[in-house]
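Presented below is the structure to which this report refers.
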Amino acid sequence: MTDDNQISLPTYIQRSLLGAWKLVQVNPKAMDYLDISSDGFWKSFWAIAVMIPVFILKGINDSKSGLPQPIVSESLYVLTALPMTALVMYYFTRFMKISENYVPMVIAYNWLNALTVNIIIIAGLILNLIAPESQVSGIIQLMLGFYFGLYVVWFMFKTSLVISGMLAIGVVIFENLLNSTYQVILMKILDPEAFDFMFAAVNNQPS
């Protein structure tokens, strides 16, 4: 994507999501569709706004279950996860001596999250509506989570940072641990009831 400050923000977001879709398709030229300028870096945080509506929809659906929901912590996570990850990854990539392409990586990471979060949540809501509590539905959601949450993210790090596949695996592991830990900490502090319920549910899983 060219760095064109004359286009409207909705058009800019649409073009950026197209670039993210190229990443989902594992297109080697996917980064050519993104604005990887310094201005594009700051604009990429509009990805947060793209994710908010679908998280609201998910929250409304989850509230119908009658179970404790991490509403406060999840809301804060949606608003802060991308900036927090960008900050931590700044130091992580410098430590790993792969910071030359830090800016393109953050841009790709933000827009990819905006797209894949929408896809995964909407697909999950549809599957739960069509076949609630179905094993097939669970398997499909697991497959979607693996593809979008691991494989595509691995490709994104490999392509945007211009690193080897093996090193990209390490970056994916670090990113997943970072965000999982951050989400759990927020839930423990802000939604202790939901945290205790989730912890009890995990411990009571059948062997």
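Within the stretch 75-101, residues that are within 14 Å of S180 (Cα to Cα) reach partners that are of a type in the set (D, E, K, R) with beta carbons closer than 8 Å, at six or more positions or on different chains, in the pairs T85/E175. Any residue in the stretch 16-23 that is open to solvent by 70 Å² or more (accessible area, probe 1.4 Å) and at pLDDT below 95? For the stretch 16-23, residues open to solvent by 70 Å² or more (accessible area, probe 1.4 Å) and at pLDDT below 95: absent. Taken across the stretch 115-126, residues that are within 20 Å of M84 (Cβ to Cβ), crowded, with 20+ Cβ neighbours inside 10 Å and among the hydroxyl-bearing types (S, T, Y) do occur, with at least one present. Has the stretch 180-195 got any residue that is surrounded by fewer than 14 Cβ atoms within 10 Å (Cβ to Cβ), free of Cβ contacts under 8 Å to residues at least 60 places away in the same chain and acidic (D, E)? Scanning the stretch 180-195 turns up no residue that is surrounded by fewer than 14 Cβ atoms within 10 Å (Cβ to Cβ), free of Cβ contacts under 8 Å to residues at least 60 places away in the same chain and acidic (D, E). If the condition is being open to solvent by less than 50 Å² (accessible area, probe 1.4 Å), in a helix (DSSP H, G or I) and under 12 Å from N101 (Cβ atoms), then the stretch 155-167 contributes M156, F157, T159, S160, L161.
So which of V172, V152 ends up being without any contact (Cβ under 8 Å) to a residue 60 or more places away in the chain and open to solvent by less than 20 Å² (accessible area, probe 1.4 Å)?
Numbers: V152 fails: without any contact (Cβ under 8 Å) to a residue 60 or more places away in the chain.
Every option except V172 fails the conditions.
From the list I119, I185, the one residue that fits, being part of a helix (DSSP H, G or I), within 21 Å of the chain's Cα centre (by Cα), farther than 25 Å from S16 by Cα and of a type in the set (A, V, I, L, M), is I185.
All told, Y77 meets the bar of being open to solvent by less than 70 Å² (accessible area, probe 1.4 Å), of a type in the set (F, W, Y) and farther than 22 Å from S38 by Cβ.
The values are calculated or read from the model by the stated rules, or taken from the named source; none is laboratory data. Bear in mind the structure is a predicted one, so any value in this text is a computation, not a measurement. Glycine gets a Cβ as well: all are built from the backbone with ideal geometry, and neighbour counts include every protein chain shown. Only protein heavy atoms, including side chains, enter the accessible area calculation; ligands, DNA and RNA are left aside. Shrake-Rupley method; radii C 1.70, N 1.55, O 1.52, S 1.80 Å.
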